[in-house]
Amino acid sequence: MSGSNCLVETKAKVCVITINRPPMNTLNRETLHEIGAILDRAEADDDIRAIVLTGAGDRMFSAGADISEFGEWADRERAEQSLGRMHALFNRIEAFSKPVIACLNGSALGGGNELQMACHLAIASANAELGLPEVRLGIMPGYGGTQRLPRLIGRRRALELMLTGERISAQTALAYGLVNRVVPQEEVREEAFRWAYRLAAGAPLAMKAILGAVYRGGDASLEEGLRAERENLLSVIHTEDAAEGISAFFSKRTPNFQGR
C-alpha cells in the first residue's frame, strides 16, 4: 500500500500512514492523493479498525502545503478545483468511519495543522509547535483552518492565532483543546499506537455510530443532533457486538467484538 510519498504498514488492526517527505513533510498534490487512496483501502478492509497518521522524522509532522505548487494557482479555476479536492479529503478524514489519530511527531504548521485538526484525536510530541502562519505570506488558511480551529478552541483564540500567524507550543495546544495529550518526543509514536490498539480492540460498529453522530450533529441544531444519536444507537443496539458486550459485562470478561 505504500507510495512514493507515504509509507503504510498494518499492525494489529491499525493502519499506520507516515508522510514521508522529510525534512518538512509538505503536502503536495501527490501526497494528498496517496492519503486518499490509502483511506479508500483502509475503509474497505474490515481487518483495519483504526488509523494512525504521522510524519517521518522527529522535526515535523507536516509544514503544510508545498509552496512550489502555488504557481499553478495563478489560474483561478485550477486553484478552486485544487482547494475543492483538499476540502473533500479533509472532510473525508473528519467523517471517516474508523478512528483516525494524528501522531504529531513534530510541528504541525499551515496545512499540516489543518490536517491534524481533521483527525478525530491528536497526540503531540512535547517539542511540537502548532500554527497557521499563512497571513505572514499574505494569504490565509485554505484547508479548513478558518472553520475547524474556531470550533476546536473558540473564536477569539482562533482569530488570534490566524491573524498573527504565531506558533504555539504543544503544551499550549493541549490547554486550548487543540490536541488530546502531550508526551516526550521519544514516546509519541508509542503513545499513539497504544491509543490506536485500544480503539482497534473495541466495538467497531459502536465507534462508527459515535463518530457518525458527532459528525452529523456538529453543525446541526440540538434537535437534529439528538435525532442522529437516536438513529445511530438504534442501528447498533441489536447487533451481535452489543450482545457480546453486554454478555461480557455480566460475565466479567473481556468482550471479543467482531464488527457484526
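FYI, it's all coordinate maths here, none of it is from the lab. Since we're looking at a predicted model, the values are computed, not measured. No Cβ is skipped: glycine too gets one built from the backbone with ideal geometry, and neighbour counts run over all protein chains shown.
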Handout entry: Backbone N under 19 Å from the Ile246 label point (7 Å along Cα→Cβ), restricted to region 169-205
Key = 203-205
Handout entry: Rh by Kirkwood over Cα pairs, then Stokes-Einstein D for region 1-94 at 1.002 mPa s and 20 °C, µm²/s
Key = 152 µm²/s
Completion exercise
Simple SL model, points at 7 angstrom along Cα→Cβ for Ala37 and Arg181; separation in nm is 3.3 nm
Exercise for the section: First select every other residue whose beta carbon is under 12 angstrom from the beta carbon of Thr172; then total the charges, Lys and Arg +1, Asp and Glu -1. Expected result: -1
Fill in the blank from the handout: Excluding residues fewer than 8 positions from Lys98 in its own chain, the lysines with Cα under 17 Å of it are Lys11, Lys13, Lys208
Practice task
Answer rounded, prolate or oblate for region 146-246, using the Cα gyration tensor with square roots of eigenvalues a ≥ b ≥ c: rounded when a/c is under 1.5, else prolate when a/b is larger than b/c, else oblate.
Solution key: oblate
Completion exercise
Here the net charge surrounding Phe70, from other residues whose Cβ is less than 12 Å away from its Cβ (Lys, Arg +1; Asp, Glu -1), is -3
Problem - Spacing of the two label points (7 Å from each Cα toward its C-beta) at Arg253 and Asp46, in nm - result: 2.2 nm
Problem - Under Karplus coefficients 6.51, -1.76 and 1.60, residue-wise ³J(HN,Hα) of region 105-110 in Hz, glycine/proline x - result: 5, x, 5, 10, 10, x
Exercise for the section: For the chain, give the magnitude of the charge dipole about the Cα centre (Cβ charges: +1 Lys/Arg, -1 Asp/Glu; no others), in debye to the nearest 20. Expected result: 600 debye
Problem - Rh by Kirkwood over Cα pairs, then Stokes-Einstein D for the chain at 1.306 mPa s and 10 °C, µm²/s - result: 83 µm²/s
Practice task
Under 1.5 on a/c is rounded, so check that first for region 16-149, then, if it is not, pick prolate when a/b is larger than b/c and oblate when it is not; a ≥ b ≥ c are the square roots of the alpha carbon gyration tensor eigenvalues.
Solution key: oblate
Problem - Degrees, to the nearest 10: 222-236 long Cα axis against longest axis of the chain - result: 50 degrees
Practice task
May I ask for the angle, rounded to the nearest 10°, between helix 76-94 and the longest principal axis of the chain, with both axes built from Cα atoms and the value confined to 0 to 90°?
Solution key: 30 degrees
Practice task
Name the residues whose placed amide hydrogens come within less than 5 Å of the amide hydrogen of Met60, ignoring near sequence neighbours (fewer than 5 apart) on the same chain.
Solution key: Ser107
Problem - Among Ile139, Ile93, Ile48, residue whose mean-square fluctuation peaks in a GNM of the chain (springs only between Cα atoms under 10 Å) - result: Ile139
Fill in the blank from the handout: Largest fluctuation, Ala118, Ala88, Ala79 only, Gaussian network model of the chain with Cα springs under 10 angstrom, belongs to Ala79
Handout entry: Value of [θ]222 nm, deg cm²/dmol, for the chain, DSSP H segments ≥ 4, -39500 (n - 2.57) each, nearest 500
Key = -15000 deg cm²/dmol
Practice task
Report the charge-dipole magnitude of region 204-251 in Debye, nearest 20, computed about the Cα centre from +1 at each Lys and Arg Cβ and -1 at each Asp and Glu Cβ.
Solution key: 20 debye
Practice task
Along Cα→Cβ, 7 Å out, is where each label goes; now give me the distance between the ones at Arg155 and Leu83 in nm to one decimal.
Solution key: 2.2 nm
Practice task
Using the Karplus curve 6.51 cos²θ - 1.76 cosθ + 1.60 with θ = phi - 60°, work out ³J(HN,Hα) for each residue of region 238-251 in order, rounded to whole Hz, and write x for Gly and Pro.
Solution key: 10, 7, 4, 4, 5, 5, 5, x, 5, 4, 5, 4, 6, 8
Handout entry: Potential extension, Glu224-Leu7 segment - 0.36 nm per residue separation minus Cα distance
Key = 74.2 nm
Fill in the blank from the handout: Cα pairs beyond 16 Å in region 204-251, in percent, come to 43 percent
